[in-house]
Amino acid sequence: MIDNQELTQNRQTLEFSSHWMNAAGTLGFAPPAQWPLPEPPAAFVTNPISYRPRKPAQGRTLKSFCGGFLLHTGLPSPGFREVIHKYAVRWARSSTPVWAHLLGDTPLHLERMARQLEEMEGVAAIEVSFSHLAGGAEILDGIRAVIGELPLVLAVPLDCIRESWLAQAFRLGLAAVSIAPPRGSIVSETGAVIHGRLYGPALLPQSREAVEYLKETGLPVIAGCGVARRSEIDSLVAAGAAAVQLDFALWRGWPPGSLD
């Protein structure tokens, strides 16, 4: 682990007015008219935004397993210009802080998106994630490209929290770290192997352990993965999380106040 004083000196701070927020990819590119919980979230996190348009993956699917499901989409995105054109005004008018979630591409593309977001009203922070194929050096270069005037949150997959390059990433001035869904694979009825991101209650014990591990860095930790009930939000906050990102609980279409 790295020195907590070093982190305090280098990083920007985030304020959390609530203990919950949505995870990237759950509620679209702009805040909804009605929130799924009675109290508003600490922030609204956009769907993942890529610099260039991304088409959905061929063979995209949702496959259930005991305790959750695997989702394979390819993370489609209309591209940065189109997102800004359609949603910038709504971000500026939002009473909830907007976190723009950027998909890690080349450092140049990340830098271009980050610098433009810094000039936009309503954007309170940037959250960035990287492909599972990206190496540590590539990710570190991407983080350096994004670091600027807005607080930066690094989304780390649940199965990557102990990667060796993270110690270097924590020194670069991150404002927080969020726990993102891990990857896995399932064999379909036809014998085909399907790869994708994992969601569901079965991930909750690992999510809690990740919070306990990452909080030792001194960075605010935003928990995620496996949360289905309000009591589980409270439990993760008690374990040291600054806030909790909800994912599959929102997709299930539960009405306000029914997360219990």
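Key figures
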{"item": "Part-to-part distance (alpha-carbon centres) for the stretch 79-102 and the stretch 125-163, which is given in Å", "result": "20 Å"}
{"item": "Choice from Ala42, Ala167, Ala114 with maximal GNM fluctuation in the chain (Cα, 10 Å cutoff)", "result": "Ala167"}
{"item": "The stretch 167-260: C-alpha gyration tensor shape, a/c 1.5 cut-off, then a/b vs b/c", "result": "oblate"}
{"item": "Partner aspartates and glutamates for Lys63 [C-alpha distance under 13 Å; skip if fewer than 8 residues away on the same chain]", "result": "Glu189"}
{"item": "In order through the stretch 203-217: 3J(HN,Hα) via Karplus (6.51 cos²θ - 1.76 cosθ + 1.60), integer Hz, x for Gly, Pro", "result": "8, 4, x, 5, 5, 5, 4, 5, 4, 4, 6, 6, 5, 5, 6"}
{"item": "The stretch 180-213: GluC sites (Glu not before Pro) in DSSP loop, at most 10 other beta carbons within 10 Å", "result": "Glu189"}
{"item": "CD proxy at 222 nm, helix term only [per DSSP H run n ≥ 4: -39500 (n - 2.57); per residue of the chain; nearest 500]", "result": "-8000 deg cm²/dmol"}
{"item": "Size of electric dipole in the stretch 103-257: Cβ of Lys, Arg +1 and of Asp, Glu -1, about Cα centre, debye, nearest 20", "result": "320 debye"}
{"item": "Accessible area per residue, Å², the chain with all protein chains present, probe 1.4 Å", "result": "47 Å²"}
{"item": "The stretch 50-182 shape via C-alpha gyration tensor axes, a/c threshold 1.5", "result": "oblate"}
{"item": "Choice from Ala210, Ala92, Ala23 showing the highest fluctuation, given a GNM over the chain with Cα pairs closer than 10 Å", "result": "Ala92"}
{"item": "Whether the chain is rounded, prolate or oblate, judged on the alpha carbon gyration tensor where a/c under 1.5 counts as rounded", "result": "rounded"}
{"item": "Carbon plus sulfur fraction of accessible area for the stretch 129-260, probe 1.4 Å, in percent", "result": "52 percent"}
{"item": "Whichever lysines have a C-alpha closer than 19 Å to that of Lys55, once near sequence neighbours (fewer than 8 apart) are set aside", "result": "Lys86"}
{"item": "The chain: most fluctuating residue of His72, His109, His132 per GNM, C-alpha cutoff 10 Å", "result": "His132"}
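The values are calculated or read from the model by the stated rules, or taken from the named source; none is laboratory data. The model shown is predicted, which means the values in this text are computed figures rather than measured ones. Using ideal geometry, Cβ is built from the backbone for each residue, glycine included, and neighbour counts are taken over all protein chains shown. These area figures cover heavy atoms from the full protein model, side chains too; ligands, DNA and RNA do not enter into them. Shrake-Rupley method; radii C 1.70, N 1.55, O 1.52, S 1.80 Å.
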